Amino acid sequence: MADYPATGMQGGEEESSFDLKKLWTIFYLNWHWVLISVVLCVSASLLYLRYKVPVYSASMKMLVKDADKGAGFNRGAEMALDGLGMMSNSNGFENELEILCSASLSTKVAKNLKLYVRYFLEGTVVDTELYKESPILLDLEEVGLNALRYPLSFVVTKTDKGFRLDGYFDEEDPKSLTFTSDIRHFPDTIATPYGMLYVSGNFPVKDNKEGLYKDAVTEVMERLEAGKKMYVTICAPYAIGRAYAMGLRAAPTSKMTTVANVGMSDTKRQRALDYLRELVVCYNDDANEDKNEIARKTEEFISERLESIKRELDATEGSIETYKRSNELVNLANDATTALQATESYKRELAEAQTQYNIMKILVDYMDNPSNYLQIIPANLGLQNTPMVTPLINMMTRYNEKVLTRNRYLRGSGEDNPLVVQITKEISDMWPSIRSNMQSIYYNMEVRKTALEKEYSASMGRIQQTPTQERMLTGIARQQTLQSGLYLTLLQKREENFIQLYSTAAKGRIIDAPIINGKVSPKSGMILLAALIFGIGLPIGLLWLKEMLRFKIGGREDIKNYTNLAILADIPVDKESLNTGGKGVAVNENRNDILEEAFRRLRTNVFFCLKPKEQVIISTSCIPGEGKTFVSANLAMSLACLGKKVVIVGLDVRKPRLVSLFGLKPTKQGIVNFLCIDDPDYDLLEAQIIPSGYHKNMDVLPAGIIPPNPAELIGSQQLDVAIQYLRSKYDYIILDTPPVASVSDTLSIGRVADITLIVLRADYSLKANMELINDIAENGRLPKCNLVLNGVDLNKRSHALRYGSHALRYGYYGYYGYYGYGVHGHGDNNEKPYVEK
C-alpha cells in the first residue's frame, strides 16, 4: 500500500498472510526468548545424546550356492530365460534369503551365542548393557529355557565372600523376591522353579609384571565392589531369535548373482559381528543336514541289506564245504573246463541279470510299503544305467530332491504353507509314475532272466557227461557268485555313500567379513539441527500464532490485509496530554513532538484528498471508543494552527462529547436547537457556536441537548442549510458523527460532506468491522472514505512488532520526531519510541 492517501478503493492483490519481514521483526524483538529457547532445546538434545544408547550397523557379503540350479533340462530352461532377459534369478536363491532371515535360524544363533541372557550394570542415570564383560555368567538348562513364558530377572551384588544372587520369577509381581543364593565358588549350580541355573566365572587374567587386570571385566568388578548392582535377564530363546530375525536384512547384490548383502543393527558392535559370523555357521549346518539326509537313509538301507546277504553267503559257502567233504571232492574244474566254457557266457549274463533283478525287487518291495511314502527312495543301489533304467533313475533323483525341499520347508513352517502344499502335490503325482515304471522294468528283467535261465539250462543239458557232483557244485557256486557280487556291489556303494556324507561342502561362504558400518542412531547432527530449528521456531511460532489469532486490529499491517483504503495517518498515544486536566486536545501551537507531527501528516494528507471548494470532513468510527472525537478535535486544532478558520460540529447527538473534550462549561447551546425549528435563521445558528478556548481560529458547534428523534433531525433539510451557511463562514467544517456500526445517522450525514475519515483504534477495533468499512466504501454510502489509525503506543513491543518498517511513518520525520522530546513529550530524555533502523 502506498503511503499517500487515496480518494477511494485502490486495486491490488491481497497480500499473503506470510510475511518474512514480520517474521524477522518477531525474531529481532524477541531474540532473548529465542536464545533461551535455543539454549534449552540444545541442552535437552545434548542430554538425550549423552544417555541414549547408540545403535551400530553391521554387514557382510555372503555367497549362497544355489543347489536348485543343477544340470539337466531345468537348468537349460533357466539359462534360456536368462538369455532372453525374462529371468534374473531363481526362486531358490530367494528362498535361501528367507531362510537366512527366519526366526528358527536366528533362534539357533541366539542359543549358540547365549544371546538370551542379557547383563546390565547399574548406572547413575541409565544402566549399561554388558557383552562379554560380565564377571559371572548365568545359564538355564534346556528344559527350563523351553518352558519360559516370561523373562526371569536376577540381581547380582558383590559381597565380602563372593556374590549374592537374587531371583525374581513372579509374573504377577516382578518385584517379589523368589530366592536368594550366595555364590562363593565357580562353577556352581542353583535349583530354581524353572530348572537348574548354571553359574560360571568370567574373570580376567592377571598380569604378572604389573599385577593389574588387563580386561574390560576389571572395570565392571571395580564398580560392583563400589556397591553397584548388575541386572541379569534370561528370556525365551525363540523370543530373542524372533526379535533378531525382524532386524536382519538380506538382499541380493545384483539380479545376476547369488551373493547376498546381509546386515543388522545392534547396540553392541562386537555382538553384531559375532551374530553375523554365527549366522553363516548355523545356515551351513542346516543346509548340510538337508543334503546328508539322503546319504544317511541310503547308508541305513545298505547296512541292513549287507547283513542279510552276508548271512545268505555264509550259508551257501557252508553248503559247498559240506558237499565237498561228504563226497570227498578236491578240484573238478580241470575235468569240466571244456564242458563249462560254452556255459560261461550264459552264466555271466545270468548273474548280471539276477543282480539287477534282485536290486529291482528290493526297490519294488520298498515302493509297495505304504510307510515309505514321502520318504527318500534309495537311489544308490547299483542299477545299471541302461536305456530302460535311465528314465527311472532320473525320476527317482528328481523325486528325492523334492522330498528334501519339502522337509526343509517343514522345519520353518507348517504343512499348510502354500509352498509345502504345492511340493507335496508334485511328490504325490510322481509316486505312482515311479512305482509303475519300477514294476514295468521289474517285469522286463524277470522275462530276460527267465530267458537266460532257459538258455543256460539248454546248454547244461548238453553236458551229459558231467558228473552229478559237478552239477551240484556248479549250482551252489552259482548261488555263491550271485550273492558275492551283490555283496561287493553294496559294499562299494556304502563306501561311496560315506565319502559323499563326509565331504559335503558348505552351502554359504563369507566373501566380505562382517564389518561395522558406523552408528545409525541417534544421529547427533540431525538431532542438534532439529533442536536448533525447534528452539528458534517454537517461540517465533507461538508469537506468530498469537498474532494470527488476534481478533482486534493491531496496526497498519493488519489494516492492509483487510482493505485497500488509504491510511492517512497513524496517531500515537499521548498519555501526558490526555491526562492533563481531562482534556482531549493534545495539539498545541509552536510545539514539535510525535503527536503534533502525526496530526500535521493527517492534515497534509487530507489536503491531498480535498479538491477545490471541498470543505466538509466527516470523522466517524465503527464502534464507540475508537477516538473519532479526539481525532476531530486535534485535526481541527492542527488546521487552526495553519491559519484556517475551522469549526467542529457535534453531530453525535445521541452521545455528545465535544463540550467535555474541550473542557467547556455545560451548556444547552448546540446544533439541535437549530435543527428543531422549522424555519430557523442564521442568527440562531450563530448563537449556538462557542469559541473553543484553544485557538482563535477554531470554534465549536456542540450537539446540545439530546433530542428524542435524532435520526429525523439529522435527515432534515435544516442540516443542509446549516452546513451551507458554515461553508460560507469557515474554511473547513469537521463533523463529529456517531459510529456507523451502531446507528445510521452518519450515512445520512454523508450527503453534506466532501470526505470521510473513519477512525480505527489499535488493539481495540475489531477486524470483523473491516467488512462493513469495505462495504460502505465500495457502495459509495459515504464520500471519499479514508482511514485514520488512532492509539498506537510506540513504547509497546507488540506495536513495534506489528509496524516493523512503518515506525518512521507515525507523523514525524527523522530527527524532527525527537525535537523537543522529553521537554514537552511523554517521558525523560532516555525514553525513545520504536524506530526501525
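Here is a yes/no grid of residues against (1) acidic (Asp, Glu); (2) within 30 Å of VAL573 (Cα to Cα); (3) within 60 Å of the chain's Cα centre (by Cα):
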residue: LEU675; (1), (2), (3): no, no, no
residue: ASP681; (1), (2), (3): yes, no, no
residue: GLN717; (1), (2), (3): no, no, no
residue: ALA722; (1), (2), (3): no, no, no
residue: PRO738; (1), (2), (3): no, yes, no
Which of the residues that make up segment 670-688 are part of a loop (DSSP other than H, G, I, E, B) and surrounded by fewer than 19 Cβ atoms within 10 Å (Cβ to Cβ)? CYS676, ILE677, ASP678, ASP679, PRO680, ASP681
Failed condition for ASP763, given (1) open to solvent by 10 Å² or more (accessible area, probe 1.4 Å); (2) closer than 23 Å to MET637 by Cβ: (2)
Could you please tell me which pairs satisfy a Cβ distance under 6 Å, a separation of 6+ or placement on different chains, a first residue in segment 119-134 that is at negative phi, and a second residue that is among the small types (Gly, Ala, Ser) and open to solvent by less than 50 Å² (accessible area, probe 1.4 Å)? TYR119/SER134
So which pairs qualify, if the first residue must be in segment 509-529 and among the basic types (Lys, Arg), the second must be open to solvent by less than 60 Å² (accessible area, probe 1.4 Å), the Cβ gap must be under 6 Å, and the two must be at least 6 apart or on different chains? ARG509/LEU63; LYS519/PRO54; LYS519/TYR56
Pairs needed: first member in segment 38-64, modelled with pLDDT under 90 and open to solvent by 60 Å² or more (accessible area, probe 1.4 Å); second member anywhere, of a type in the set (A, V, I, L, M, F, W, C) and not in a helix (DSSP H, G or I); C-beta distance under 6 Å; at least 6 residues apart or different chains. TYR51/VAL125; TYR51/VAL126
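Among TYR764, TYR725, TYR730, which is modelled with pLDDT of 90 or more, touching a Lys or Arg at 6+ places or on another chain (Cβ under 8 Å) and among the aromatic types (Phe, Trp, Tyr)? Reasoning before the result, please.
Working: TYR764 fails: modelled with pLDDT of 90 or more; TYR725 fails: touching a Lys or Arg at 6+ places or on another chain (Cβ under 8 Å).
Going through TYR764, TYR725, TYR730 in turn, just one is modelled with pLDDT of 90 or more, touching a Lys or Arg at 6+ places or on another chain (Cβ under 8 Å) and among the aromatic types (Phe, Trp, Tyr): TYR730.
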Given the conditions (1) part of a strand (DSSP E or B); (2) open to solvent by less than 20 Å² (accessible area, probe 1.4 Å); (3) among the aromatic types (Phe, Trp, Tyr), every one holds for PHE93 apart from (1)
Could you tell me which of the residues ARG462, ARG448 is modelled with pLDDT under 80, open to solvent by 60 Å² or more (accessible area, probe 1.4 Å) and basic (Lys, Arg)? ARG462
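Any chance segment 154-163 includes a residue that's among the acidic types (Asp, Glu) and either modelled with pLDDT of 85 or more or within 30 Å of THR218 (Cβ to Cβ) (or both)?
Scanning segment 154-163 turns up at least one residue that is among the acidic types (Asp, Glu) and either modelled with pLDDT of 85 or more or within 30 Å of THR218 (Cβ to Cβ) (or both).
Can ASN590 be described as open to solvent by 40 Å² or more (accessible area, probe 1.4 Å) and touching a residue at least 24 places away in the same chain (Cβ under 8 Å)? Walk me through it before giving the result.
Details: open to solvent by 40 Å² or more (accessible area, probe 1.4 Å): yes; touching a residue at least 24 places away in the same chain (Cβ under 8 Å): no.
Criteria not met by ASN590.
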Give, as residue ranges, the strands (runs of 3 or more DSSP E) completely inside segment 219-288 that count at least 2 residues that are open to solvent by 40 Å² or more (accessible area, probe 1.4 Å). 249-252, 259-266
What's the number of the only condition in (1) among the charged types (D, E, K, R); (2) modelled with pLDDT under 80; (3) not in a loop (DSSP other than H, G, I, E, B) that ASP3 fails to meet? (3)
Applying the selection to segment 651-669, what residues are of a type in the set (Val, Ile, Thr) and part of a loop (DSSP other than H, G, I, E, B)? VAL653, THR667
Considering residues that are open to solvent by 70 Å² or more (accessible area, probe 1.4 Å) and closer than 30 Å to LEU105 by Cα, the number found within segment 289-306 is 5
Could you list, in sequence order, all residues of segment 628-649 that are surrounded by fewer than 24 Cβ atoms within 10 Å (Cβ to Cβ) and in contact (Cβ under 8 Å) with a residue 60 or more places away in the chain? PHE630, LYS644, LYS645, VAL647
If I filter segment 27-34 for residues that are open to solvent by 70 Å² or more (accessible area, probe 1.4 Å) and at pLDDT 85 or above, do I get at least one hit? yes
Across segment 738-769, which residue is nearest to GLY704 (Cα to Cα) among those that are assigned to a helix (DSSP H, G or I) and without any contact (Cβ under 8 Å) to a residue 40 or more places away in the chain? SER748
If we keep just the residues of segment 340-387 that are among the aliphatic types (A, V, I, L, M) and closer than 20 Å to GLU455 by Cβ, which is surrounded by the most Cβ atoms within 10 Å (Cβ to Cβ)? LEU350
Run LEU735 past the list (1) outside any helix (DSSP H, G or I); (2) out of contact with any Gly (no Cβ under 7 Å at 6 or more places or on another chain); (3) more than 28 Å from SER638 (Cβ to Cβ) and report the number of the one that doesn't hold. (3)
Take the residues in segment 734-760 that are within 19 Å of VAL606 (Cα to Cα) and of a type in the set (D, E, K, R), then tell me which one is surrounded by the most Cβ atoms within 10 Å (Cβ to Cβ). ASP736
Within segment 559-578, considering residues that are at pLDDT 80 or above and part of a helix (DSSP H, G or I), the one surrounded by the fewest Cβ atoms within 10 Å (Cβ to Cβ): LYS560
The number of residues in segment 214-265 that are aliphatic (A, V, I, L, M) and farther than 20 Å from ARG164 by Cβ is 15
Note on segment 518-558: residues open to solvent by less than 50 Å² (accessible area, probe 1.4 Å) and either under 30 Å from THR604 (Cβ atoms) or not in a helix (DSSP H, G or I) (or both) are GLY518, SER521, PRO522, ILE553, GLY554, GLY555, ARG556, GLU557, ASP558
Count, please, the residues in segment 108-132 that happen to be surrounded by fewer than 20 Cβ atoms within 10 Å (Cβ to Cβ) and assigned to a loop (DSSP other than H, G, I, E, B). 9
Taking only segment 739-755 into account, find how many residues are touching a Lys or Arg at 6+ places or on another chain (Cβ under 7 Å) and closer than 21 Å to LEU685 by Cα. 1
So for segment 15-22 (the condition being touching a Leu at 6+ places or on another chain (Cβ under 8 Å), at pLDDT below 80 and among the hydroxyl-bearing types (Ser, Thr, Tyr)), does at least one residue qualify? no
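The values are calculated or read from the model by the stated rules, or taken from the named source; none is laboratory data. The structure displayed is predicted, hence computed values, not measured ones. No Cβ is skipped: glycine too gets one built from the backbone with ideal geometry, and neighbour counts run over all protein chains shown. The accessibility values were calculated without ligands, DNA or RNA, using every heavy atom of the protein model including side chains. Shrake-Rupley method; radii C 1.70, N 1.55, O 1.52, S 1.80 Å.
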